[in-house]
Amino acid sequence: MRARLGPADTGRIAIDGLRARPVRAVLSALGIAIGIAAMVAVLGISASSRAQLDATLDRLGTNLLTVGPGRTLLGEDAQLPLDAVAMVGRIGPVTAASATGTVEANVYRSDLVPPGQTGGLAVLAARLDLLDTVGAEVASGTWLNAATERYPAVVLGADAAARTSSALGSRVWLGGRWFTVVGVLAPAPLAPELDTAALVGWPVAERLLEFDGHPTTVYERSAEDAVEAVAAVLAATANPEDPNEVDVSRPSDALAARAAADSAFTGLLLGVGAVALLVGGVGVANTMVIAVLERRAEIGLRRALGATRRHVRDQFVAEAVVLSGLGGLFGVLLGAAVTTAYAMSQGWPATVPAYAWAGGLLTTVVVGALAGLYPAVRASHLPPVEALASA
């Protein structure tokens, strides 16, 4: 009668073969696990970052446009008109318009700090409706109001507060006089320039800091379906005399560009994970080759008892697939755990896309089959008599 070996029997024999050499099997599976974990973690972290970006854009909107001065025909710095904000606000679809203006002053932790150590911080005059327009929030304290905008009060951006080590109620040396910190902003994703700024009221900047009143950045929001139409007329509206000296941008595009750069970096990390996976596959192949050499007697005995070449080949391929599959399963779990831990540390939603873990498991099966193919063919071609004689 023809010998038969079903899939269940093949799987059982493969598992028994691995259990006979547990340390070697674990070390070989570990190589596969590291490669799969790296790939799953990279894809998971990238997906979590994109999910956070999507959530941020959903919350803040993509309908914020900024207007700033460009360059004149002679290459000099241009300047927006004094009434640029009011003119932008008259555009039909525009729902909100505000501005900041650069003040020629520096801010320091105290009056003892050397003048050259500015910390890269800017001083900006701000309008009262700025936060509502850009979608920024106050982390502690309050925003400027009709009273504090006229007195030496300042609201610090998130980074500015950290660099000056200033807390709510403390004082900073700004423009040669003391200003009281009345608020600290949370990070502003759509207006990162506010993070490194000390924001003072428009009237007090003009009265005490020699601010000329010209806005340097105008922020406006409009209906989502009118963004393109508004962008087309913003330059001519903000500066009718010299619209070519106006720069119009969309802050959400910068976030999208950063996401694209992250995707390119993700591709590089995936390449590193693929190399680790390849190394793991070579380790599995090496383990299976050694197993064939050590189990020549077993192979000869099975062939003498009626096992066909296909049976022997299937057994060793199955062992390689099971070995890689176990490593892949552990790698997927490890990658998901790393993704979750990193996402939680960043305050992101943890996301492990289905294609990451499903692709990881499928890859391990393919790697295992390829890694075990040569040793399996070699084992199946061992003559029974020669295999028994070598025992």
For Ser165 the rounded accessible area (nearest 10 Å², probe 1.4 Å, non-protein molecules ignored) is 80 Å²
Expected field for Tyr151, accessible surface area in Å² at 1.4 Å probe radius, rounded to 10, holds 140 Å²
From highest to lowest solvent-accessible area (probe 1.4 Å; ligands, DNA and RNA excluded), Glu319, Glu193 read Glu193, Glu319
Rounded to the nearest 10 Å², the 1.4 Å probe accessible area of Ile34 is 90 Å²
With all protein chains present and a 1.4 Å probe, the order of Tyr219, Tyr108, Tyr374 from largest accessible area down is Tyr374, Tyr108, Tyr219
With every protein chain kept in place and a 1.4 Å probe, the residues Arg221, Arg150 fall, from largest accessible area down, as Arg150, Arg221
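The values are calculated or read from the model by the stated rules, or taken from the named source; none is laboratory data. The structure displayed is predicted, hence computed values, not measured ones. For the accessible areas, the whole protein counts, side chains as well, though only heavy atoms, and no ligand, DNA or RNA atoms are used. Shrake-Rupley method; radii C 1.70, N 1.55, O 1.52, S 1.80 Å.
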